[in-house]
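Written below as structure tokens is the structure these notes are about.
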Amino acid sequence: MEVRVNSSQKAVSSLYTAVCKSVVGQDHVVKSLIIALLTRGHVLLEGLPGTAKTRSIKALAESMQASFGRVQFTPDLLPSDVTGSEVYREIAGKPQLDFQPGPIFNNLVLADEINRAPAKVQAALLEAMAEGTVTAAGYTRKLPDLFMVLATQNPVDQEGTYPLPEAQMDRFTLKINVVYPDRAAELAIIKLVRQEESCTVNVNQTDTALVISPADIITGQQELADIYVSPVMENYIVDLIMATRNVEIYGNAQFPDWIEVGASPRASIALDRCARAHAWLDGRDFVCPDDVRAVLHSVLGHRLMLSYSAAASGIKPKQVVDDLLKYVPFGQ
């Protein structure tokens with residue numbers, strides 16, 4: 001099979017290479033971030049502190065000619081700290097209110113430790129993630145064409161966390177679980193940090209040959225519309241999502257006992273888009289079953305509400321999706 005790579009794919013490939021140089025041992029995280037960029041989606045990263053969640057996002061922003069905003073979510077944060085607010089000023093002796101945009105008016109927005117703020121502040125992101133607009137001070141303002149929310153959260157069993165509501169979880173295209181690196185990656189991390197300390201590597205300055213512009217990403221977003229999805233692949237995507245709702249059909253499988261509420265239509269849309277993005281990154285103009293399977297865990301895991309028995313048994317979303325792939329056939 002011949003693989004054709006165009007200029008925008010080369011640019012995105014260089015972005016992947018540049019970010020992986022700064023984030024050792026988390027290649028799957030970097031690839032998922034790029035897939036989310038291409039699908040105009042948003043990403044939720046979950047992992048223990050110190051697993052390079054924030055560093056991954058900052059490295060992505062530094063490798064692009066894109067504006068970057070960061071919000072550190074804390075229990076005392078206000079919605080206006082995210083969206084912006086009107087500021088009183090006197091100009092030529094006349095009082096007036098000017099809108100001061102918040103950090104959400106950037107291309108890439110890092111919502112750091114999003115589950116350490118209460119639901120009222122978390123909800124400030126909902127309109128931006130769903131509509132690409134922000135309503136504040138009585139006016140609706142449009143966000144940049146290239147816009148993505150990248151949120152990090154600590155595991156919900158940690159001290160001082162607020163679980164994200166299901167409606168907000170569903171708006172994240174992908175959820176990525178960030179784990180500890182292996183021994184070889186840990187050693188490489190130590191060497192990388194030592195180089196940074198000695199100024200032989202400056203993570204704040206990316207090789208100009210590897211820097212891309214938002215226009216390259218927008219071009220890639222437009223090219224996804226040309227990726228062919230056959231009727232068989234469309235049916236496979238729908239079958240996987242419908243299996244989470246019509247669980248009684250799969251009586252000989254385990255996942256029907258584990259799922260309390262299935263995935264919404266947003267999951268079908270996200271799975272289709274991410275599968276096309278995965279194919280595009282591989283230089284293909286069509287989607288194959290491996291593209292769907294490669295992104296299914298990240299697309300579907302956080303959208304499933306597990307039953308009480310599954311939680312009591314310590315069942316994780318990964319096990320549910322694994323069982324789903326086992327029993328939902330392709331091409332039926």
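Brief remarks on what is shown
- Most tightly packed first, judged by the mean number of other beta-carbon atoms within 10 Å of their residues, the peptides 254-267, 27-40, 49-62, 221-234 read 27-40, 49-62, 254-267, 221-234.
- The range 1-75: C-alpha pair distances exceeding 21 Å, %: 30
- Label-zone membership for the range 240-261, site ALA311, 7 angstrom Cα→C-beta point, backbone N under 18 Å: 256-261
- Lys pairs under 18 Å by Cα in the chain, provided they are eight or more residues apart or on distinct chains: 15
- Cα long-axis angle, helix 289-300 against the chain (0 to 90 degrees, to the nearest 10): 60
- Here the gap between ARG55 and ALA167, fully extended at 0.36 nm per residue and compared with their Cα-Cα distance, gives a gain of 37.6 nm.
- Span per principal axis, largest first, for the Cα atoms of the range 221-332 (Å): 44, 25, 20
- Helical content of the chain, expressed as a calculated mean residue ellipticity at 222 nm, amounts to -12500 deg cm²/dmol (DSSP H runs of 4 or more residues, -39,500 (n - 2.57) each, divided by residue number, nearest 500).
- Separation of the range 93-166 from the range 316-332 is 34 Å, based on Cα centroids.
- In the full protein context, the chain carries 49 Å² of accessible surface per residue, based on a 1.4 Å probe and ignoring ligands, DNA and RNA.
- For percent of Cα pairs over 36 Å apart, calculated from these coordinates, the label among [x] 29; [y] 23; [z] 13: [y]
- Cα→Cβ-extended label distance, 7 Å offset, between ASP290 and LEU48, nm: 3.3
- Stretch gain in nm, segment VAL193-GLU248, where the contour uses 0.36 nm per residue and the Cα spacing is subtracted: 14.6 nm
- Taking only protein heavy atoms and a 1.4 Å probe, the accessible area of the chain is 52% carbon and sulfur.
- For the range 9-49: rounded, prolate or oblate by the Cα gyration tensor [a/c cutoff 1.5]: oblate
The values are calculated or read from the model by the stated rules, or taken from the named source; none is laboratory data. Model, not experiment: these values are computed from the prediction. All Cβ positions, even for glycine, are placed from backbone atoms using ideal geometry, and neighbour counts span all protein chains on display. To get the accessible areas, we keep the full protein, side chains included, count just its heavy atoms, and leave off ligands, DNA and RNA. Shrake-Rupley method; radii C 1.70, N 1.55, O 1.52, S 1.80 Å.
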